[in-house]
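K.L.:
One structure, as structure tokens, below. Some questions next.
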Amino acid sequence: MELCMSLVNGGSISVVNLNSSRLSRSLPVRKNPISVQSYTCLRPPSLSRQFQPSQFAVSASPSSSSSSSTALSSEKDQLPADIVVTETQEPNSRVKLSIQVPPEVCDDCYKRVIDEFMKQAKVPGFRPGKKVPESILVSHVGKKSVQKAAVESILRRTLPHAMSSVTGTPLRDSVRIVTRFSDMEQAYSSLNSLRYDVIVDIAPEVKWIPENGYKNLKVVVEIDSDIDAQKASEQELRRRHKSLGSLRIVTDRGLQIGDLAVLDISATTIDQDESNVKSIPSAESKGYHFDTEDGDKVVPGFLDSIIGIQRGETKSFPLVFPESWTQEDLRGIHAQFNVECKELFYRDLPELDDSLAERLLPGGTSLKQVKESLLQKFLEVEQTAREQAADNAILDQLCKMVEVDIPQSFFEEQGRQLYGARLLEIQANIKLNEQQLASLSSKKAVDEYLLNQKENITHMIKQSLAVGDIYKRENLQLSTEEIVKEVENSIAEFKRQKQDYDEERVRGQVQEILEGAKVLEWLREHAEIQYVTR
């Protein structure tokens, strides 16, 4: 039944990478310890993915495609001659390197490959370790295999030198050789030299418009009237009071405020051409329990239109769904409602006085004390909601003030983490079989999600990069005690839920979360914030 307006409050999104044990980066909900549940996806994986020279292994073979993945060695081998590297800037914080390897380097790599084969090859007629004529060795191993090994050796030795010349900070796991391996083999075989191209993502630069505009933020924060502490506490007291009463059947009058009615509701569109009139299924309901004290949660005019209706009576009346209605497809629709009252009740409530205190609130001693306790509870809820709304408004404002050329690897990793969280949420609510899980985990499903959520993912990454940039610009600091405490809390939560974790990753991500919280705290102190009730 969609007659009632949905009241949606913001919440956190737990994010878990399905392919690793690491946490997603985020900002925690303040006043709560950081835990598995409190992670909201904000800090993208990119912030910890700056290039670290480690483990260079060329994944290349005669059938390699144009996207051979590589990682780099921690040491740059001395070359007998300089390579020539031409750098070309490309969109999305990407750099293309064209690397020309001279014959001197190719010859040296070839000699090393021959020496290595000499040590390992078992050539008939020669004892292991003894020198074998090169022509016999090549014939035994195979010329194609030797050339392949030589090309791999050239890549392994020259790529670290090429990467050291990149303008900007290369990102780990984003380095790709885009020249086909077969083309490199052919060039090496015919020219005794090698030329290949590499694509690498670099850490994006955050540009502020205007420069340092974040220092003088003016933010308007819209607050839902339902979070007003005084109003919310009074509604909660009324709800608890009503729960202590009993329902009595109304026999001698029509519906009035305070009653509860059981209604059958149907609705159709209004159109001069009767052939175009259609039913509105989402506005229909059988046996709908309608509390007249919730009149503000239904279509405006609905309550007024049925006041006075009696049991067994039917009323018909036109209404217009407001432009602010939750369901977009109903906004502005002119509808004809038909309402039949099936049952009508009034509440027989006990007198609201001190004698009900314990029943209204366990431990309550007086009606005054119950009201004060409820108000204090909702004041805390209101403050948390105001702070969260302010944070969201500030982050949205930051996003509008920055220009960032987002690397594709940033976008894809962030999107996959979000999709992983969505899949885990589905699994938690619905027991998926293996076939369903495989379908939802397929590359096609993930790619569709990335395409459909492109704007949202981009927005989150821009917010995150802006927050990280402010932390550095303002030289904000965290105490060791803060980090240690939150790391301990996070690890305790993983253990409680019996989940695997990597302590080093937990520590790094906890630090990023605390940095984000520190930035928001700094921004709230320096921003001009205006709260508006909607």
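K.L.:
Restricting to the range 472-515, and then to whatever is surrounded by fewer than 15 Cβ atoms within 10 Å (Cβ to Cβ) and among the polar types (S, T, N, Q), can you tell me which residue is nearest to Trp208 (Cα to Cα)?
P.N.:
Here the answer is Asn475.
K.L.:
Let me ask another. Look at the range 292-336 and say how many of its residues are farther than 18 Å from Ala261 by Cα and more than 36 Å from the chain's Cα centre (by Cα).
P.N.:
6
K.L.:
Within the range 239-259, can you find the residues that are polar (S, T, N, Q) and part of a loop (DSSP other than H, G, I, E, B)?
P.N.:
Thr251, Gln256
K.L.:
Open to solvent by 70 Å² or more (accessible area, probe 1.4 Å) and at pLDDT below 90: is that true of Lys377 in this structure?
P.N.:
Considered against the rule, which asks whether it is open to solvent by 70 Å² or more (accessible area, probe 1.4 Å) and at pLDDT below 90, Lys377 comes out as no.
K.L.:
Out of all the residues in the range 415-432, is one or more of a type in the set (A, V, I, L, M), closer than 30 Å to Leu237 by Cβ, over 18 Å from the mean Cα position of the chain (by Cα) and surrounded by 14 or more Cβ atoms within 10 Å (Cβ to Cβ)? Step through it out loud before you land on a result.
P.N.:
The first filter runs over the range 415-432 and keeps only residues of a type in the set (A, V, I, L, M), leaving 418, 421, 423-424, 426, 428, 430, 432.
In the following step, the residues that additionally are closer than 30 Å to Leu237 by Cβ were identified as none.
Checked the range 415-432: no residue is of a type in the set (A, V, I, L, M), closer than 30 Å to Leu237 by Cβ, over 18 Å from the mean Cα position of the chain (by Cα) and surrounded by 14 or more Cβ atoms within 10 Å (Cβ to Cβ).
K.L.:
Only residues in the range 346-371 that are without any contact (Cβ under 8 Å) to a residue 24 or more places away in the chain and more than 16 Å from Ser233 (Cα to Cα) count as the first member; pair them with residues that are assigned to a loop (DSSP other than H, G, I, E, B) and open to solvent by less than 50 Å² (accessible area, probe 1.4 Å), Cβ under 6 angstrom, at least 6 apart or cross-chain, and list the lot.
P.N.:
Short answer, once both residue conditions are applied: Asp354/Ser366; Glu358/Gly364.
K.L.:
Moving to a separate point now. Being surrounded by 18 or more Cβ atoms within 10 Å (Cβ to Cβ) and aliphatic (A, V, I, L, M) narrows it down to one residue among Ile309, Ile257; which is it?
P.N.:
Exactly one residue qualifies, and that residue is Ile309.
K.L.:
Filter the range 280-328 down to residues that are of a type outside the set (Val, Ile, Thr), more than 29 Å from Arg253 (Cβ to Cβ) and either in contact with a helix residue (DSSP H, G or I) (Cβ under 8 Å, 6 or more places away or on another chain) or not assigned by the TED database to the domain that holds Ala267 (or both), then give me how many there are. Break it down stepwise before answering.
P.N.:
Residues of the range 280-328 of a type outside the set (Val, Ile, Thr): 281-291, 293-297, 300-305, 308, 310-313, 315-319, 321-325, 327-328.
Adding the requirement that they be more than 29 Å from Arg253 (Cβ to Cβ) leaves 281-282, 321-325, 327-328.
Filter again for either in contact with a helix residue (DSSP H, G or I) (Cβ under 8 Å, 6 or more places away or on another chain) or not assigned by the TED database to the domain that holds Ala267 (or both), leaving 282, 321, 327.
Number of matching residues: 3.
K.L.:
Take Gln230 and decide whether it is without any contact (Cβ under 8 Å) to a residue 12 or more places away in the chain, out of contact with any Ser or Thr (no Cβ under 6 Å at 6 or more places or on another chain) and assigned to a helix (DSSP H, G or I).
P.N.:
no
K.L.:
Just name the residue that is modelled with the lowest pLDDT out of those in the range 225-242 that are in contact with a Leu (Cβ under 8 Å, 6 or more places away or on another chain) and open to solvent by less than 40 Å² (accessible area, probe 1.4 Å).
P.N.:
Let us first name the residues in the range 225-242 that are in contact with a Leu (Cβ under 8 Å, 6 or more places away or on another chain), namely 226, 229-230, 233, 236-237, 240-242.
Then keep just the ones that are open to solvent by less than 40 Å² (accessible area, probe 1.4 Å); that gives 229, 233, 236-237, 241-242.
Details: Ala229: 88, Ser233: 92, Glu236: 92, Leu237: 94, His241: 93, Lys242: 91.
Filtering first and then ranking leaves Ala229.
K.L.:
Given (1) under 30 Å from Ser373 (Cβ atoms); (2) in contact with a strand residue (DSSP E or B) (Cβ under 8 Å, 6 or more places away or on another chain); (3) open to solvent by 30 Å² or more (accessible area, probe 1.4 Å); (4) of a type outside the set (Ser, Thr, Tyr), where does Glu293 come up short, assuming only one miss?
P.N.:
Evaluating Glu293 over (1) under 30 Å from Ser373 (Cβ atoms); (2) in contact with a strand residue (DSSP E or B) (Cβ under 8 Å, 6 or more places away or on another chain); (3) open to solvent by 30 Å² or more (accessible area, probe 1.4 Å); (4) of a type outside the set (Ser, Thr, Tyr) leaves (2) as the failure.
K.L.:
Mind checking which residues of the range 180-214 are open to solvent by 50 Å² or more (accessible area, probe 1.4 Å) and farther than 11 Å from Met401 by Cβ?
P.N.:
Of the residues in the range 180-214, the ones open to solvent by 50 Å² or more (accessible area, probe 1.4 Å) are 180, 183, 186, 189-192, 195, 205, 207, 209-212.
The answer is Arg180, Asp183, Gln186, Ser189, Ser190, Leu191, Asn192, Arg195, Glu205.
K.L.:
Let me ask another. Check Gln272 against each of (1) part of a helix (DSSP H, G or I); (2) modelled with pLDDT under 90; (3) of a type outside the set (D, E, K, R) and name the one condition it does not meet.
P.N.:
Failed condition: (1).
K.L.:
List the residue pairs whose Cβ atoms are under 7 Å apart, where the first residue sits in the range 263-276 and is assigned by the TED database to the domain that holds Leu319, the second is at pLDDT below 80, and the two are 6 or more positions apart or on different chains.
P.N.:
These pairs meet every condition: Ile265/Leu3.
K.L.:
Residues that are assigned to a helix (DSSP H, G or I) and either open to solvent by 80 Å² or more (accessible area, probe 1.4 Å) or not assigned by the TED database to the domain that holds Gln408 (or both): does the range 457-471 have at least one? Please lay out each step first, then the result.
P.N.:
Step one: list which residues in the range 457-471 are assigned to a helix (DSSP H, G or I), which gives 457-471.
Of the ones still in play, those that are also either open to solvent by 80 Å² or more (accessible area, probe 1.4 Å) or not assigned by the TED database to the domain that holds Gln408 (or both) are none.
Checked the range 457-471: no residue is assigned to a helix (DSSP H, G or I) and either open to solvent by 80 Å² or more (accessible area, probe 1.4 Å) or not assigned by the TED database to the domain that holds Gln408 (or both).
The values are calculated or read from the model by the stated rules, or taken from the named source; none is laboratory data. The structure presented is a predicted model; accordingly, all values stated were derived computationally and were not measured. Cβ atoms come from the backbone with ideal geometry, glycine included; neighbour counts cover every protein chain shown. Accessible surface areas use protein heavy atoms only, side chains included; no ligands, DNA or RNA. Shrake-Rupley method; radii C 1.70, N 1.55, O 1.52, S 1.80 Å.
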